[in-house]
Amino acid sequence: MQEVKRRYVVPGDKIVEGNFRPLMNVIKVDNSIIATRIGIAESGREGVKVIPLSGVYIPRVNDIVIGKITDHSSLSWEVDVNSCFSAHLPAQDVFGRDFSPARDDMGRQLATGDLIAARIIAFDRTRDPMLTIQDKDLGKIPRGELLKISPTRVPRLIGKRGSMIQTIEQATQTRILIGQNGIVVVMGRNLDGTKLAIRAIRMVEEEAHTANLTQRVKVLLNVPDTSQIDNTSVAQTQNSQKGEDIQSTIEEVEEEIEEGEKT
Amino acid sequence: MNQAQNQIRKLIDENGKRTDGRTADELREVKITVGVVKNADGSAFIEFGKNKIVAAVYGPREVHPKHMALPDRCVLRCRYHMSPFSTDTRKNPAPSRREVEISKVMRESLEPALILEDYPRAAIDVFVEVLQADGGSRCAGITAASIALADAGINMRDIVSACAAGKIDDTIVLDINDTEDKEGVADMPVAYMPHLEQVTLLQLDGILTPEQFNECLDKAIVGCNIVYGIQRQALMQKYFGNETELREEQ
């Protein structure tokens with residue numbers, strides 16, 4: 001019946017008036033929906049939301065993140081997930097139910113400084129995020145080049161159904177892991193490929209809002225422009241797909257971690 | 001001698017022009033650039049007449065020292081600071097009584113616009129550095145800080161816009177500059193949330209009758225609305241370029 005309407009908003013802007021459901025980055029004041037972030041507002045039948053264009057990473061349950069072990073106590077590891085909350089990975093998650101601090105040496109499994117791909121299993125306003133590495137394709141990341149991008153650029157880097165990241169991976173012969181917290185690990189066969197991939201990722205991050213980005217990335221990577229990959233011409237359309245893309249991030253990360261050696 | 005000269009000097013001439021050539025209802029030229037500090041999560045640079053101010057926002061981030069953290073909401077910390085070279089005689093860089101006060105009122109004027117409950121146990125740090133001061137720097141600082149907060153992607157109910165009004169000679173005027181602040185009768189900085197139509201800061205230095213007070217407040221709010229237009233434009237420019245409307249691609 002009703003089309004999804006999109007427009008640019010800054011905090012405080014009234015998006016719609018009437019009985020709509022507030023979904024993401026909006027508040028309801030009296031009878032109108034107000035944006036709380038800079039971004040693209042989408043109002044449709046299911047509700048009203050704003051896709052943010054800036055901001056730090058705030059954990060959400062079921063996000064796949066890449067984190068660095070910063071410390072461990074006798075029962076859990078502490079993991080830096082590029083957020084204002086440090087995450088915990090319980091030792092039982094790695095050793096199983098019969099973990100005993102006296103018997104098992106935690107440092108043998110994961111040492112301080114190790115990178116892991118993990119899923120957030122619990123997080124709310126009263127507790128720090130809790131991680132698991134028990135799912136398929138999660139666990140220690142053995143090698144690779146680490147870089148940080150803005151978490152709001154993650155869907156753009158992945159592209160529609162993974163188009164952008166696939167382009168970069170194929171052209172540079174690398175594997176790229178992307179966490180929703182904006183941490184990216186590039187694993188390449190050779191230095192040149194890795195360097196090129198990093199340049200492409202940086203370019204996507206800096207020019208995420210511009211049109212014809214996929215094409216320019218292809219020029220950078222020397223890829224002949226074929227129509228098989230959906231080169232979405234305008235950034236807004238890409239941004240507007242973020243909802244979908246967040247889902248694809250998870251799939252993407254799971255796919256990409258195949259090489260990640262499970263510990 | 002000098003004092004006597006000042007009292008003779010008129011702040012508004014016979015043509016109704018002020019010392020810098022503005023009319024009573026005119027704002028100084030305001031220019032805002034968003035995202036000037038790359039290390040910060042959000043930042044803005046404002047030129048409010050001769051004022052030059054940088055605002056940088058960090059966070060939400062971990063609170064240090066940890067005992068400052070609040071279990072139910074985020075702590076907002078503000079630091080207003082004037083550079084030693086911001087005034088004509090060197091300003092001691094140590095925080096003065098005035099700077100401590102402005103840091104506090106700035107925090108209190110920004111807090112109502114932020115949804116701090118969204119980030120429990122975290123902290124947001126706002127740094128406002130005055131590079132060049134020319135009266136009304138707290139208003140310009142609040143204006144820049146609120147844009148920097150929006151740039152940092154912090155959930156906000158509204159943008160905060162600030163502007164002063166005051167009385168010089170016998171006239172109520174908008175946007176007091178340094179000379180008018182020192183030699184005028186009254187100075188009233190106001191911070192305002194334009195959509196919610198709420199005042200978040202109101203200070204008054206000087207004496208006004210109740211009628212003058214109302215006129216002054218109304219005038220300051222008009223000024224805030226003009227400032228809001230500029231803030232909005234600056235944010236739009238950074239994020240969406242020159243496009244103001246989203247092109248629908250179907």
**Report entry** Cβ-based charge dipole, region B:168-248, positive-most Cα from B:L204, B:V227, B:I176
**Finding:** B:V227
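Would you mind giving the mean number of other chain beta-carbons within 10 Å of the Cβ of each residue in B:154-163, as a whole number?
Details: counts 6, 11, 9, 7, 8, 4, 2, 0, 0, 0.
What the average comes to for B:154-163 is 5.
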Report task. Over the alpha-carbon set of region A:26-103, work out the extent along each principal axis and list the three values in angstrom, largest first. Result -> 60, 23, 21
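For region B:45-91, what is the convex hull volume of its Cα atoms per residue in Å³? Don't jump to the answer; show the numbers that get you there.
Values: hull volume 4.8 nm³, N = 47.
Taking the convex hull of the Cα positions in region B:45-91, it is 102 Å³ per residue.
Filter the cross-link list A:K218/B:K38; A:K68/A:K218; A:K195/B:K38; B:K38/B:K91 down to pairs whose alpha-carbon distance in this structure exceeds 29 Å.
Numbers: A:K218/B:K38 27 Å; A:K68/A:K218 32 Å; A:K195/B:K38 23 Å; B:K38/B:K91 27 Å.
From the list (A:K218/B:K38; A:K68/A:K218; A:K195/B:K38; B:K38/B:K91), the Cα-Cα distance tops 29 Å for A:K68/A:K218.
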Query raised in the report: By per-residue mean of other Cβ atoms within 10 Å, what is the highest-first order of B:156-165, B:65-74?
Result: B:156-165, B:65-74
Query raised in the report: Using alpha carbon centroids, what distance separates region A:151-186 and region A:55-79, in Å?
Result: 20 Å
Report summary line: Set A:K5/A:K49; A:K136/A:K160; B:K31/B:K238; B:K50/B:K182, cut-off 18 Å on Cα-Cα distance; pairs above it are A:K136/A:K160
Query - Separation in nanometres of the label points that stand 7 Å from Cα toward Cβ, at A:T112 and A:R21 - result: 4.7 nm
Query - Full-extension gain in nm, B:E101 to B:A69, via 0.36 nm per residue minus C-alpha separation - result: 9.3 nm
Query raised in the report: Measuring from centroid to centroid over Cα atoms, what is the spacing of region A:1-54 and region A:95-112 in Å?
Result: 47 Å
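I'd like to compare B:130-140, B:188-198, A:111-121: which one has the highest average count of other Cβ atoms within 10 Å, and what's the full order after that? Walk me through the numbers on the way to the answer.
Values: B:130-140: 23.3, B:188-198: 21.1, A:111-121: 18.5.
Per-residue Cβ counts within 10 Å, averaged per peptide and sorted highest first, yield B:130-140, B:188-198, A:111-121.
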Query raised in the report: Which whole-number percent of Cα pairs in region A:5-52 have a distance greater than 16 Å?
Result: 19 percent
Report summary line: Descending packing, highest mean Cβ count within 10 Å first, for B:117-127, A:64-74 is B:117-127, A:64-74
**Report entry** Residue exposure sequence - B:F240, B:F85, B:F213 - by fewest surrounding Cβ within 10 Å
**Finding:** B:F85, B:F213, B:F240
Query raised in the report: Based only on Cα atoms, what Rg/Rh ratio does region A:64-141 have, Rh being taken as Kirkwood's radius?
Result: 0.94
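Working from the alpha-carbon coordinates of the protein assembly as shown, get Rg over Rh, Rh being the Kirkwood radius.
Values: Rg = 26.3 Å, Rh = 25.2 Å.
Rounded to two decimals, Rg/Rh equals 1.04.
Rank these for me by crowding, B:K167, B:K31, going from fewest to most other beta carbons within 10 Å. Before the final figure, lay out each step's value.
Details: B:K167 24, B:K31 12.
So the residues, fewest neighbours to most, are B:K31, B:K167.
What average count of beta carbons from other chains do you get within 10 Å of the Cβ of residues in A:9-19?
On the way: counts 4, 14, 18, 14, 4, 1, 0, 0, 0, 0, 0.
Partner Cβ neighbours, averaged per residue: 5.
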Query raised in the report: If you rank A:S150, B:S146 by fewest surrounding Cβ atoms within 10 Å, what's the result?
Result: A:S150, B:S146
**Report entry** Calculated P(r) of chain B - Cα pairs past 35 Å, %
**Finding:** 17 percent
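Quick note: the coordinates plus some simple rules give every number you see, no bench work behind them. Please read all numbers here as calculations on a predicted model, not as lab measurements. Cβ atoms come from the backbone with ideal geometry, glycine included; neighbour counts cover every protein chain shown.
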